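Encoded as structure tokens, the structure appears first; notes follow it.
The values are calculated or read from the model by the stated rules, or taken from the named source; none is laboratory data. Just so it is clear, the structure is predicted and the values come from calculations on it, not from any experiment. Glycine gets a Cβ as well: all are built from the backbone with ideal geometry, and neighbour counts include every protein chain shown.
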Amino acid sequence: MPDVRFHDTISTLLVNARRGVWLRLADPGHIFGFTVEEITRLVGYVHPRCLLPFGAAASATRYVHVRALLAAMRDGGWDVRFASPFEFEQTELIIDSVWAIIRDRDAESPARVVDALIAQSLQETLARDFSEAVDVPATEVIYQVHVRDDDTWKNIVTVTEDVWATVISTFARQPNLMYELGPRKFEELVAELLNRDGAEVTLTPPSRDGGRDIFAWLDTPLGKALYLIECKRYGPANPVGVEIVRSVYGVVAEERATAGLIVTTSSFTKGAIAFRERVPNQLSLRAYSDLAGWLRRHSPTWSAA
């Protein structure tokens, strides 16, 4: 049971905050007994900032919770960013660079207040980390670990495989979440699935790529085959039409590729399916149901039960 006096003390400090409120959040489920809405209400006009580790959103069991947390913070005017460490060692709540309340991650020990000198040092470190962090939508957080390869993220390369396994497992169980992805992130997801199928994959630059979002090469007994993949992250009421299918087929012929593949979160019109049936060896279509099955096949945690 939380210490009522300790809770009241933090409440008073938040109400009287004037210069800033900073939060380094190791565990999204524990903010010293407060909800995001309570902190937002207490701080009034002060602009709160929160720093989260990538690991906060890289767990399938916490993914939806983190998305809800981010929504509440942004609705309350918080500035929220994600830092490269996979996990933080402790949660820190710093008020006006004078007061700091800290709590060790996964520790049974209670939260504690530290003196002003330590609080100032913690705030300076947190401000520096915050300036170097990135601001990305919640649905994109779990992908940044994989797709960024500059110096900022090299210290988390070792968790890439685990993160992608979590990503795929999450969407295998809730494929409707793919509708929340931006088009580029959807392309990255498809590229990873192709990679897990044994393809050598290259994403084209995020621009008007003209019918080839992804190049995929596969070694076969007859030589190396090149496939051009077009990704369409469409809503369920917006099927892919024959014009797009015909266009991709034309690019396949122009590039002298082995075949083309169109992957969508929607479906295909009758005209699109009919066109593909005339060129079955040069073009394949994967609709939402096919994509869901593809995710399940590569999900390490999937079971029919």
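Picking from Val245, Val263, which residue would you name as being closer than 24 Å to Lys185 by Cβ, within 31 Å of the chain's Cα centre (by Cα) and in a helix (DSSP H, G or I)? Write out each step before concluding.
Details: Val263 fails: in a helix (DSSP H, G or I).
Result of the check over Val245, Val263: Val245.
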Return the residue satisfying two criteria in turn: it lies in the stretch 171-200 and is among the small types (Gly, Ala, Ser) and in a helix (DSSP H, G or I), and of such residues it is nearest to Thr301 (Cα to Cα).
Ala172
Report, by residue number, each residue of the stretch 27-56 that is surrounded by 15 or more Cβ atoms within 10 Å (Cβ to Cβ) and under 30 Å from Trp164 (Cα atoms).
Asp27, Pro28, Ile31, Val36, Arg49, Cys50, Leu51, Leu52, Pro53, Phe54, Gly55, Ala56
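Can you tell me which residue among Asp219, Asp197 is of a type in the set (Asp, Glu) and more than 23 Å from the chain's Cα centre (by Cα)?
Exactly one of Asp219, Asp197 is of a type in the set (Asp, Glu) and more than 23 Å from the chain's Cα centre (by Cα), namely Asp219.
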Give the residues of the stretch 11-26 that are buried (at least 16 other Cβ atoms within 10 Å of the Cβ) and either closer than 21 Å to Arg128 by Cα or within 19 Å of the chain's Cα centre (by Cα) (or both), sorted by residue number.
Ala17, Gly20, Val21, Trp22, Leu23, Arg24, Leu25, Ala26
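Select, from Thr139, Thr158, the only residue that is modelled with pLDDT under 50, touching an Asp or Glu at 6+ places or on another chain (Cβ under 8 Å) and either β-branched (Val, Ile, Thr) or not assigned by TED's automatic domain parsing to the domain that holds Arg286 (or both).
On the way: Thr158 fails: touching an Asp or Glu at 6+ places or on another chain (Cβ under 8 Å).
So the residue among Thr139, Thr158 that is modelled with pLDDT under 50, touching an Asp or Glu at 6+ places or on another chain (Cβ under 8 Å) and either β-branched (Val, Ile, Thr) or not assigned by TED's automatic domain parsing to the domain that holds Arg286 (or both) is Thr139.
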Under 6 Å between Cβ atoms, which residue pairs at least 6 apart in sequence (or on different chains) link something in the stretch 167-187 that is assigned by TED's automatic domain parsing to the domain that holds Ala292 and buried (at least 20 other Cβ atoms within 10 Å of the Cβ) with a partner that is part of a loop (DSSP other than H, G, I, E, B) and at pLDDT below 90?
Glu187/Asp213
With (1) surrounded by 15 or more Cβ atoms within 10 Å (Cβ to Cβ); (2) farther than 18 Å from Gly182 by Cα; (3) at pLDDT 95 or above; (4) of a type outside the set (Phe, Trp, Tyr) as the list, and Lys270 as the residue in question, which single condition is left unmet?
(1)
